[in-house]
Amino acid sequence: MVKGHHLSSKIADVILIIILVAVAITCILPLWYTLALSFSSSSAASAGAVTLWPVDFNFNSYKQLLQDGQFFKSFWISIQRVILGAGLNLIIVPLMAYPLSKTVKDFKGRNLIMWTLIFTMLFNGGLIPLYITIQSYGLMNSIWALVLVGGAQIIVFYIILTINFFRNLPPSLEEAALVDGAGPWYILFKVYMPLSVPVLATISLFGIVYHWNEFLYGLIFMTREEFYPLQTYIQQLVVSVDPSTMTEDQYKRMSELSNRTLDAAKIFIAMIPVLVVYPFLQRYFIHGITLGSVKE
């Protein structure tokens, strides 16, 4: 009986490993195909001849992206945006989530503030009022337009996630701190914050991915190319090429490209920061999501 159970357990482990390997391959293959496509020739990409290996290997797509200084300017703007956006999340979210995690008895204005936040998450004035607001504040062509507008739209979700995480922490921790004479600021930064690494890492990862990938606000609030973040710059590189203003060398390079190869290069470059950051944060990711998504 014991041997039979041990054998069935081994079979289950083997099946589970096979399934996990299959899922891993399913996730990796699209990334590998994108990389292979970005290094292939225009004709091979257009003919659908690229599979898992580059055809007519070349760097034309990447040369097109890297040939001028604006690429590096846009790259730096995106890095600043990510740092500022993720940094503001780590400051604002805990400061709002801590009092809102209390009961109405402990914080009388909790429900009003909470419903106000939820309302702003579900409804907004639209793009034109948003544009007028940013213009009125003098934030056009400013990195703060990218950081504040994008951050304001997603920060409520982060606050809700952190509120539920705080509620899952043992109440006895705060009670013991109060007995020892600790105030709310001390409790937040010395008791709650050290225990909140999983959820803080989770919202940081979400913020990094959002601020790095978002390109629309760069088109709306930046009137000059020199202020474009990276994703906006790459998007304009594909859709806004004017053949009448191109030099002979530029036209030759563009003739060697296709939208498929250039888009593949764009996608792969956009994935690099996330691929670099994710291994350092992934061990907190599942823990932060599960504890912050469901209230006990």
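The values are calculated or read from the model by the stated rules, or taken from the named source; none is laboratory data. These numbers come from a predicted model, not from an experiment. Positions of Cβ are generated from backbone atoms using ideal geometry, with glycine treated the same way; all protein chains shown enter the neighbour counts.
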Of the residues that sit in segment 47-74 and are hydrophobic (A, V, I, L, M, F, W, C) and in a helix (DSSP H, G or I), which one is farthest from A264 (Cα to Cα)? F72
With respect to the numbered conditions (1) hydroxyl-bearing (S, T, Y); (2) surrounded by 16 or more Cβ atoms within 10 Å (Cβ to Cβ); (3) in the same structural domain as Q231 (by TED's automatic domain parsing), which one is the sole condition not fulfilled by T34? (3)
Starting from segment 207-226, keep only residues that are under 18 Å from F157 (Cβ atoms) and in the same structural domain as V147 (by TED's automatic domain parsing), then list their pairs with residues that are buried (at least 17 other Cβ atoms within 10 Å of the Cβ) and among the aromatic types (F, W, Y) whose Cβ atoms are within a distance under 8 Å, requiring at least 6 positions of separation or different chains. G207/Y158
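Given the criterion surrounded by 13 or more Cβ atoms within 10 Å (Cβ to Cβ), part of a helix (DSSP H, G or I) and free of Cβ contacts under 8 Å to residues at least 24 places away in the same chain, identify the matching residue among A97, A44, A22.
A44
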All but one of (1) in contact with a Ser or Thr (Cβ under 9 Å, 6 or more places away or on another chain); (2) surrounded by 15 or more Cβ atoms within 10 Å (Cβ to Cβ); (3) at pLDDT 90 or above hold for Q153; state the number of the condition that does not hold. (3)
Residues of segment 196-227 being in a helix (DSSP H, G or I), within 18 Å of M271 (Cα to Cα) and of a type outside the set (A, V, I, L, M), in sequence order, are T202, S204, F206, G207, Y210, H211, W212, N213
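Is it the case that L146 is touching a Leu at 6+ places or on another chain (Cβ under 9 Å), over 27 Å from M193 (Cα atoms), assigned to a loop (DSSP other than H, G, I, E, B) and in contact (Cβ under 8 Å) with a residue 40 or more places away in the chain?
no
When segment 112-143 is examined, which residues are found to be part of a helix (DSSP H, G or I) and in contact (Cβ under 8 Å) with a residue 12 or more places away in the chain?
First, pick out the residues of segment 112-143 that are part of a helix (DSSP H, G or I): 112-122, 127-136, 143.
I113, M114, L117, I118, T120, M121, L127, L130, Y131, I134, I143, listed by residue number.
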